[in-house]
Amino acid sequence: MADVESTPGEGIHIEGLRKRYGRGETAVDALKGADIAVAAGEVVGLVGPSGSGKSTLLKCLGAVTEPSGGRMTLGGRVIYDEGWRIPDLRALRRDRIGFVFQAPHLIPFLNVTDNVALLPMLAGHANADARARARELLEALDVGHRAQAMPSQLSGGEQQRVAIARALVSRPPVILADEPTAPLDSERALGVIGILNRMAREYRTAVIVVTHDEKIIPTFERIYHIRDGRTHEELGEGRMST
Amino acid sequence: MISLAGRDILHGWGKYVFTGMGLGLLIGVTLSMAGIYRGMVDDAAVLLDNSGADLWVVQQDTLGPYAEPSSLYDDLYRGILTLPGVAQAANVTYLTMQVRPAGDAARERRAMVVGVVPGGFGEPGQPRFLVAGRRLTRGHYEAVADLSTGFRLGEQVRIRRHLYRVVGLTRRNVSSGGDPMVFIPLKDAQEAQFLKDNDAIIQQRHRTAVNPLFNRPGQPEVLEAVLAAQTQSTSVNAVLVRLDAGADPDRVAADIRRWKRLGVYTRAEMNEILQAKLIATSARQIFMFLVILSLVSAAIVAFIIYTLTLGKIREIAILKLIGTRNRTIAAMILQQAIGLGLIGFVVGKTAATFWAPVFPKYVLLLPSDAARGLLVVVLICALASLFAIRTALRVDPAEAIGG
């Protein structure tokens, strides 16, 4: 029972996104006009030094922080448009945005299946249906055998795959991954990016990966650089792309 | 939807249950305090029930015999018996003192010594029932003791200078202060109440003898009569009156006041004296203690729930980020607080039930008090969780993203 009508497969687009903190002389422009367009099924990188506005952009994309201006569409639906925003950002986050963090941040008191099934349950789906959907994803991510384990019983790589499953379970049009490979070694980091690429294609989801990780930057076809609150697009090596 | 609160509790059940048990002991103390108050009220009611009286006749302008000293002549009951509506009237004395088995000072205990005219069950002042032995049948040196004195059947106990053999045992015969009763014959009780030591008697005789008013030349019988009067006690503390069936207590009380010039209290008035005057201060003391315990419990629950919530700030931020409703998060915290209270209540009620008999005075745990206690615990836990809920709802989902 989604609060936001789902029209998957159309990616995420932002145009001239701006964010100002504070007022008057103390005001700080964290975003001065960011433009990003990620198509459904595409994985792009977002890189930038500290203080460049990367976190602010991520929070705006994640519907956690409201931008001061600009336009954002998600899955074909307008989310922000020059001061206007859709009324229920919470439902938007639940139904249309998947999050993957640097640390998996699984709910420690829920087992793996329920960690993944929680989102559909929150959206009003029957527990059995939500768990079935969760198990299907866990199988697809090769952690089906740990479905009943608690997060503390998983390895770092397994936890991250469960986190990806949680991000995907609502079939959102976009997944925001914040440094998802930072704690992992090269092999596991590339594995996670491989999974994100596979899932993006399979579920027609746009994936934005915020990263500093030199190991995975070459895997993106397109990379957005953010500097001083502005984005610049670059073509990447795209070694993972088909 | 799964129960987030339940899962969280199960995940760290050890900490949660032990915290609940700690809280439970506090709730147990609170329930016990309520039980002590109820016990006091019940002791007062039992005292009135066991006296078997409908009216208490006492010295004018006193609240005797339980709340204030009262002294009446022991022949007044005869006149009272003649009044319409009076079925029975009996003298009684009450004296709270230390009583000990002969030769065993270690088992000395405080008791209310009740002087009654030896008689049958159901007569005013008599113990209503015995659990062992027989009632008082002789005029001197026999006693019927409450079980809680610890005295045994056939044992001799010392009251003042005399020894009394315990011939019967009764139960739940206590004073309004919870002291167990020891019934002895009225004459002995009168003597015990006003008995002076030998030195004091000698000095009193000497004083009387040197008083020219009492020791007149040629009239030695005056001194003898005065001395005899001084060593006899003809006072009792009250006359207990049993009314005829259908007699109006207020009317009979009014007659006694008018014609006998004595103080009279009905059952309702005596109940009021005991509860509003005799145990009122203790009740207020206990009430204050209950209030403080409730506040302490609330503070502890609030602190525990707040600490538990602070430990989950990251998880709460993630839950909010992924779209969990505020009410789901608030419900999780509220359920945990109430769960803690319920565990505490079960532990507290169980503990209070087990330790109540160990208290030296009667602790009466009423189911209605337990039900009220449960309600208060749930309410306190709900209120105590508000601070934690407020904190949780103010968590910014952006904290999950960092930066």
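Would you calculate a helix-derived [θ] at 222 nm for chain B, using -39,500 (n - 2.57) for each DSSP H run of n ≥ 4 and dividing by the full residue count, to the nearest 500?
Working: 13 runs with 201 residues, N = 403.
Mean residue ellipticity, 222 nm, calculated: -16500 deg cm²/dmol.
Using θ = phi - 60° and the Karplus form 6.51 cos²θ - 1.76 cosθ + 1.60, what ³J(HN,Hα) does each residue of region B:230-241 get, whole Hz, x for Gly and Pro?
Once θ is set to phi - 60°, the couplings for region B:230-241 become 5, 8, 9, 10, 10, 9, 10, 8, 7, 10, 8, 10 Hz.
HN-Hα J couplings of region B:277-293 from phi, Karplus 6.51/-1.76/1.60, θ = phi - 60°, integer Hz, Gly and Pro as x?
10, 6, 10, 4, 5, 4, 5, 5, 4, 5, 4, 4, 5, 4, 4, 5, 4
Extending each Cα 7 Å along its Cβ direction at B:Lys187 and B:Leu81, get the distance between those two points in nm, one decimal.
According to this spin-label approximation, the distance is 1.7 nm.
Shape call for chain B from the C-alpha gyration tensor, a ≥ b ≥ c root eigenvalues: rounded (a/c under 1.5), prolate (a/b greater than b/c) or oblate? Working shown, then result.
Working: a/c = 3.31, a/b = 2.85, b/c = 1.16.
It is prolate, given that a/c is not under 1.5 and a/b is the larger ratio.
Express in nm, to one decimal, how much length is gained between B:His162 and B:Thr231 on full extension, taking 0.36 nm for each residue of separation and deducting their alpha carbon distance. Provide the component values of the computation, followed by the final result.
On the way: separation 69, 0.36 × 69 = 24.84 nm, distance 1.64 nm.
So the extension gain works out to 23.2 nm.
If you stretched the chain out fully between B:Glu272 and B:Leu379, how much longer would it get, using 0.36 nm times the residue separation minus the C-alpha to C-alpha distance? Present the calculation step by step, with values, prior to reporting the outcome.
Working: separation 107, 0.36 × 107 = 38.52 nm, distance 3.23 nm.
Extra length available between B:Glu272 and B:Leu379 comes to 35.3 nm.
With a 10 Å Cβ neighbour count serving as the proxy for reagent exposure, in which order, fewest first, do A:Asp114, A:Asp178 appear?
Working: A:Asp114 21, A:Asp178 24.
Sorted ascending by nearby Cβ count, the order is A:Asp114, A:Asp178.
Could you work out the relative contact order of region B:223-382, using alpha carbon pairs under 8 angstrom and six or more residues apart, expressed as a whole percent? Let's see the in-between values first.
Values: 49 pairs, mean separation 31.6, N = 160.
Answer for region B:223-382 is 20 percent.
Whose amide H sits under 5 Å from the amide H of B:Val86, counting only residues 5 or more places off or on another chain, with H placed in the peptide plane?
B:Asp244
Could you tell me the relative contact order of region A:12-235? Use alpha-carbon pairs under 8 Å, at least six residues apart, and round to a whole percent.
Numbers: 479 pairs, mean separation 67.3, N = 224.
The normalised contact order for region A:12-235 reaches 30 percent.
Taking other Cβ within 10 Å of each residue's Cβ, how do A:Trp84, B:Trp355 sort, fewest first?
On the way: A:Trp84 9, B:Trp355 14.
Sorted ascending by nearby Cβ count, the order is A:Trp84, B:Trp355.
Under a crude label model (7 Å from the Cα following the beta-carbon direction), how far is B:Asp104 from A:Arg20 in nanometres?
9.3 nm
If amide H atoms are built 1.01 Å from N in the plane of the peptide, which residues on other chains or at least 5 residues away come under 5 Å of the amide H of B:Glu155?
B:Val166
How many nm is it between the label spots at B:Arg251 and A:Arg201, if each spot is 7 Å from the Cα in line with the beta carbon?
With each label placed 7 Å out from Cα toward Cβ, I get 10.7 nm.
Which of rounded, prolate, oblate describes region A:12-235, given a ≥ b ≥ c as roots of the alpha-carbon gyration tensor eigenvalues and a/c under 1.5 marking rounded, otherwise prolate only if a/b is larger than b/c?
Values: a/c = 1.95, a/b = 1.47, b/c = 1.33.
Because a/c hits 1.5 or more and a/b exceeds b/c, region A:12-235 counts as prolate.
Which is farthest toward the positive dipole end of region A:12-235 among A:His225, A:Val116, A:His145, measuring Cα position about the Cα centre, with Cβ charges +1 (Lys, Arg) and -1 (Asp, Glu)?
Highest projection toward the positive end goes to A:Val116.
Arrange A:Ser52, A:Ser186, A:Ser170 by Cβ neighbour counts within 10 Å, fewest through most, would you? Please list the in-between numbers first.
Details: A:Ser52 20, A:Ser186 12, A:Ser170 24.
Placing the least packed residue first, the sequence is A:Ser186, A:Ser52, A:Ser170.
Relative contact order for chain B: what is it in percent, counting Cα pairs under 8 Å that are at least 6 residues apart?
Once divided by the residue count of chain B, the mean separation gives 28 percent.
At a Förster radius of 45 Å, what calculated FRET efficiency corresponds to the Cβ-Cβ distance of A:Glu187 and B:Asp396, to the nearest 0.05? Could you put the intermediate results ahead of the total?
Working: r = 35 Å, r/R0 = 0.78.
Calculated transfer efficiency: 0.80.
Fully extended, how many nm does the chain gain between B:Arg261 and B:Ile202 (0.36 nm per residue separation, minus their Cα-Cα distance)?
Details: separation 59, 0.36 × 59 = 21.24 nm, distance 3.58 nm.
Contour length minus Cα-Cα distance gives 17.7 nm.
Find, among the trypsin sites (Lys or Arg not before Pro) in region B:300-403, those assigned to loop by DSSP (not H, G, I, E, B) with at most 15 other beta-carbon atoms within 10 angstrom.
Passing both the DSSP loop test and the Cβ count: B:Arg325, B:Lys361, B:Arg394.
So how far, in whole Å, is the C-alpha centre of region B:69-111 from the one of region B:348-403?
48 Å
For the protein assembly as shown, what is the charge dipole size about the Cα centre, in debye to the nearest 20, if Lys and Arg each add +1 at the Cβ and Asp and Glu each add -1 at the Cβ? Don't jump to the answer; show the numbers that get you there.
Details: 73 positive and 63 negative charges, 225 e Å.
In total the dipole reaches around 1080 debye.
Taking square-rooted eigenvalues a ≥ b ≥ c of the alpha carbon gyration tensor, is the protein assembly as shown rounded, prolate or oblate, where a/c under 1.5 means rounded and, failing that, a/b exceeding b/c means prolate? All intermediate terms of the calculation are to be shown ahead of the outcome.
Values: a/c = 4.40, a/b = 3.89, b/c = 1.13.
Verdict is prolate for the protein assembly as shown.
Under a Cβ-only charge scheme (Lys and Arg +1, Asp and Glu -1), can you give me the dipole magnitude of region A:12-235 about the Cα centre, in debye to the nearest 20? It would help to have the intermediate numbers written out before the result.
Values: 29 positive and 27 negative charges, 108 e Å.
It comes to approximately 520 debye.
Convert each backbone phi in region A:213-218 into a coupling constant with the Karplus relation 6.51 cos²θ - 1.76 cosθ + 1.60 (shift: θ = phi - 60°), then list the ³J(HN,Hα) values in order as whole Hz, x for Gly and Pro.
Taking θ as phi minus 60°, the curve returns 6, 4, 5, 9, 4, x Hz for region A:213-218.
Scan around A:Gly98 for amide H atoms under 5 Å from its own, H built in the peptide plane at 1.01 Å from N, and keep only partners 5 or more places away or cross-chain.
A:Val174, A:Ile175, A:Leu176
Every number in this text was worked out from the coordinates using simple rules, so none of it is lab data. For clarity, every value in this text was computed on a predicted model and none was experimentally measured. We place every Cβ from the backbone using ideal geometry, glycine too, and count neighbours over all the protein chains shown.
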